[in-house]
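Here's the structure, in structure tokens; my notes come after.
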């Protein structure tokens, strides 16, 4: 694709009046990436070395200018009061480039499929006026006035129109410059001038953010792009001895952050909470941050008798910094006493609170060693944990 053949205009000038938010919808952030940047990343991946012109508004001009510099785009321009005027401003901004075709896209549609872009590029090698992606209507259609249905509209041959739309640059520019009509999109401008508009298959995921509730459908895709996130498993293990000496003053242990009384204490530099230690190590293993002993060394008096929730909260913060999200934690506590089923609910509630996740993501089970070995002799407790998370794969470009 040569430089002068095709250009891309990203319409990001909407103020989101129907969206009812203080922030423009194109500036919403997911995984610390704005909706606008999501669009830029997708198009730059599949449209190599073409000029990209962003159309914005007065409110966002400074921040969007910085984004354009970051991604090596053309200097953004201000849009108009109507969508078709914003398109016109974008077309005027690239008149020196004077491409044969221009692709125009609403950034309020952050999910754009490679297949749609690929189809549009095929048409850019032909002589066309306009090509648009469409979705067939499955639901019945009715005309409504003042909350009353007036009549039935047959759904046969009816479609929903999406973006990006591929347009003949000079013809579209001429239409918009010499017409005072309001056009909902570029295809409407061509149809108003009796020019042929070609329909291609769109993508149901290319939903437009118009109202705040639209985010309920889009957020799962925005948070977890299947091409960038993978599942990773981390394992953790810890064991501590009971202090069976008669000199011990305490008569409780800490397990999962809760106190369990009428037991000899466990021996450890901190509070010897085997379960929280094992969970901490399982998370640290996933993000390759060492283990609990390397971060909180037992030789450091600072951690003497420390509450082990401190360690787990630190591991959780490191995981969040890596944009990881816990899917589930499966924990096994191996001991003859206490009876874990008597405390498992309280333990799960406490761990969920520490990690700020749903209790349903945590499983805590108790097993005995059938009176075999040091655990069977009630000399200590062990914990084995597997943690599964969703995390961004750094090695996918």
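General remarks:
- Nearest-0.05 FRET efficiency for residue 212 and residue 252, computed from C-beta distance (R0 56 Å): 0.70
- The length gained by stretching the chain between residue 69 and residue 199 to full extension, at 0.36 nm per residue less their Cα-Cα distance, is 43.4 nm.
- Put a dot 7 Å past the Cα of residue 244, heading toward its Cβ, do the same for residue 365, and the two dots end up 2.8 nm apart.
- A Förster radius of 45 Å combined with the Cβ-Cβ distance from residue 302 to residue 111 puts the calculated FRET efficiency at roughly 0.40.
- Beta bridges by DSSP in the chain, antiparallel share as percent, to the nearest 5: 65
- Length released on extending from residue 62 to residue 95, taking residue separation times 0.36 nm less the Cα-Cα span: 9.6 nm
- Point-to-point label distance, residue 330-residue 231, nm (Cα→Cβ direction, 7 Å offset): 1.0
- With helices as the sole contributors, the chain gives -8500 deg cm²/dmol at 222 nm; each DSSP H run of n ≥ 4 counts as -39500 (n - 2.57), and the sum is divided by every residue.
- Here the Gaussian network model covers the chain, with springs between Cα atoms less than 10 Å apart; of 58, 138, 98, 138 fluctuates the most.
- Note on the chain: GNM, Cα springs under 10 Å; of 107, 385, 159, the largest mean-square fluctuation is that of 159.
- Taken over the alpha carbons of the chain as equal point scatterers, the Debye sum produces base-10 log I(q)/I(0) values at 0.07, 0.09, 0.15 Å⁻¹ of -0.51, -0.70, -1.24.
- If you run the Gaussian network model on the chain, springs between alpha carbon atoms under 10 Å, then out of 119, 360, 165 the most flexible one is 360.
- Here the gap between residue 174 and residue 269, fully extended at 0.36 nm per residue and compared with their Cα-Cα distance, gives a gain of 26.5 nm.
- Antiparallel content of DSSP bridges confined to region 6-223, in %, to 5: 50
- Rounded if a/c under 1.5, otherwise prolate or oblate - region 270-354, Cα gyration tensor axes: oblate
- Sorting the segments 235-242, 253-260 by their residues' average number of neighbouring beta-carbon atoms within 10 angstrom, most packed first, yields 253-260, 235-242.
- Peptides 144-151, 372-379, 277-284 ordered by average Cβ neighbours within 10 Å, highest first: 277-284, 372-379, 144-151
- Reciprocal mean inverse distance between Cα atoms of region 229-392 - Kirkwood radius, Å: 16.0
- Cα convex hull, region 31-160: 184 Å³ per residue, rounded to a whole number.
- Between region 326-382 and region 255-301, the Cα center-to-center distance that results, in Å: 14
- Region 6-223: proportion of alpha-carbon pairs further apart than 21 angstrom, %: 55
- Taking every C-alpha pair closer than 8 Å and separated by at least 6 residues, the mean separation divided by the residue count of region 229-392 gives a relative contact order of 34 percent.
- Average Cα contact separation per residue, the chain, under 8 Å, 6 or more apart, as relative contact order %: 14
Throughout, read-outs are computed from the coordinates displayed, never taken from laboratory work. As the structure is a computational prediction, the values presented were derived from the model and not from experiment. As a convention, Cβ positions derive from the backbone with ideal geometry for all residues, glycine included, and neighbour counts pool all protein chains shown.
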